[in-house]
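Scroll down for the structure; my scribbles are underneath it.
The values are calculated or read from the model by the stated rules, or taken from the named source; none is laboratory data. Because the structure is a prediction, the values reported are computed rather than measured. Methodologically, a virtual Cβ is constructed for each residue, glycine included, from the backbone with ideal geometry; neighbour enumeration extends over all protein chains shown. Accessible surface is based on the protein model in full, side chains and every heavy atom, while ligands, DNA and RNA are left aside. Shrake-Rupley method; radii C 1.70, N 1.55, O 1.52, S 1.80 Å.
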Amino acid sequence: MSGLLDMIFNSGFVFILIIIGIAVFFNFVPIGLWISAIAAGVNVGIFNLIGMRLRRVPASKIVLPLIKANKAGLNVNVNQLEAHYLAGGNVDRVIDALIAAHRAQINLTFERSCAIDLAGRNVLEAVQMSVNPEVIETPVVSAVAKDGIELKVKARVTVRANIDRLVGGAGEATIIARVGEGIVTNVGSSIDHSKVLENPDYISKTVLDKGLDAGTAFEILSIDIADVDVGRNIGAALMTDQAEADKRIAQARAEERRAMAVAKEQEMKAYTQEMQAKVVEEQAKVPAALADALSKGRLGVMDYYRMNNINADTEMRKTIAEVKTDGPDKPNNNGK
């Protein structure tokens, strides 16, 4: 009896272990994905799924894109998709891009698609842009013609993605900058702004012929001038500003000369006052010198009188000379 119980216990324990093992197996191995892959005709082994789980790769991110690629007729395998995922790429987007390129008959290999994706570009959008070109609208570009009139130009650039230059090619910002530079150059070389208004297509043709898409990830299909507006008269404004600046410079120089003249005048007045003070001072010494000369006998009384007579005669002659140089003779008291 005890042997029977031991056998039942052992068989039940084994059964429980089998159930636990099956549960762990189904939890560890995505059997549903494996069955889906077999039903879709995709060769994905059970050990490949176990290896993905051990490498912490979500099996759904590999198996489902692989089924999609197999149904689209693409020649890719599990190892390629898993390697791209481990490199940090977006497997599903790469497969969608390859399917879109295959349908559009664009020559895009799996390796190039992975390179574009790892470079940080959206490879699916690039394929879509290659099939359906995109229109890039430039901001308003301000340019000045030779006659000084400002023109504000807005352009629309139709571009198509160049798959071969997506890796290492410049982006949309470069296209916009180059088109803006071409517009400024063409308007600036125009003698009259009215010529630009009459033929705006001349700008687009000239800019398009410069090969602005060199080194970029796009191919420029057309450049269309969307709008041209007349702005300010920059030439007249510059001339006005220059005239105002010249006037201010002249005023500053005139003020400088006036200040120098005032300073010179003040200097001369100060010098004149100083000399007059010296003359007064020296004249004040004359009586003392005369008195000293008289007291010491160096000057006689008659000499002093003769000197006074000479001074009086000099003053009289000076007065007569001033009367003669005043102009015509004035009438006397009788009116004659």
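So which residues in the stretch 159-171 are open to solvent by 70 Å² or more (accessible area, probe 1.4 Å) and at pLDDT 85 or above?
The answer is ARG160, and nothing else.
How do the pairs read when you match residues in the stretch 119-143 that are under 17 Å from SER222 (Cβ atoms) and aliphatic (A, V, I, L, M) with residues anywhere that are open to solvent by 80 Å² or more (accessible area, probe 1.4 Å) and in a strand (DSSP E or B), using Cβ under 6 Å and keeping only pairs 6 or more apart or on different chains?
VAL135/ARG156
Among the residues of the stretch 54-92, write down those that are among the charged types (D, E, K, R) and surrounded by 14 or more Cβ atoms within 10 Å (Cβ to Cβ).
Matches in the stretch 54-92: LYS61, LYS68, GLU82, ASP92.
Does ALA291 satisfy the criteria of being part of a helix (DSSP H, G or I), of a type in the set (Gly, Ala, Ser), loosely packed, with under 10 Cβ neighbours inside 10 Å and modelled with pLDDT under 85? Write out each step before concluding.
Working: part of a helix (DSSP H, G or I): yes; of a type in the set (Gly, Ala, Ser): yes; loosely packed, with under 10 Cβ neighbours inside 10 Å: no; modelled with pLDDT under 85: yes.
So ALA291 fails the test.
Within the stretch 196-229, take every residue that is without any contact (Cβ under 8 Å) to a residue 24 or more places away in the chain and not in a loop (DSSP other than H, G, I, E, B) and give me the one that is least open to solvent (accessible area, probe 1.4 Å). Talk me through it step by step, then tell me what you get.
Applying the first criterion (without any contact (Cβ under 8 Å) to a residue 24 or more places away in the chain) to the stretch 196-229 yields 198-199, 202, 205, 208-209, 211, 214.
Now drop any that are not not in a loop (DSSP other than H, G, I, E, B), which leaves 198, 202, 205, 208.
Values: GLU198: 119, TYR202: 131, LYS205: 124, LEU208: 67 Å².
The residue in question is LEU208.
Residues of the stretch 178-193 being polar (S, T, N, Q) and surrounded by fewer than 13 Cβ atoms within 10 Å (Cβ to Cβ), which ones? Show your work before the answer.
Step one: list which residues in the stretch 178-193 are polar (S, T, N, Q), which gives 185-186, 189-190.
Within the stretch 178-193, SER189 is the sole residue that qualifies.
Can you spot a residue in the stretch 235-243 that is of a type in the set (A, V, I, L, M) and either touching a helix residue (DSSP H, G or I) at 6+ places or on another chain (Cβ under 6 Å) or surrounded by 14 or more Cβ atoms within 10 Å (Cβ to Cβ) (or both)? Give the steps one after another, and end with the answer.
First pass over the stretch 235-243, keeping only residues of a type in the set (A, V, I, L, M): 236-239, 243.
Those left that are additionally either touching a helix residue (DSSP H, G or I) at 6+ places or on another chain (Cβ under 6 Å) or surrounded by 14 or more Cβ atoms within 10 Å (Cβ to Cβ) (or both): none.
No, the stretch 235-243 contains no residue that is of a type in the set (A, V, I, L, M) and either touching a helix residue (DSSP H, G or I) at 6+ places or on another chain (Cβ under 6 Å) or surrounded by 14 or more Cβ atoms within 10 Å (Cβ to Cβ) (or both).
Would you confirm whether or not the stretch 144-162 contains a residue that is under 23 Å from the mean Cα position of the chain (by Cα), assigned to a strand (DSSP E or B) and under 13 Å from ALA217 (Cβ atoms)?
Among the residues of the stretch 144-162, not one is under 23 Å from the mean Cα position of the chain (by Cα), assigned to a strand (DSSP E or B) and under 13 Å from ALA217 (Cβ atoms), which makes the answer no.
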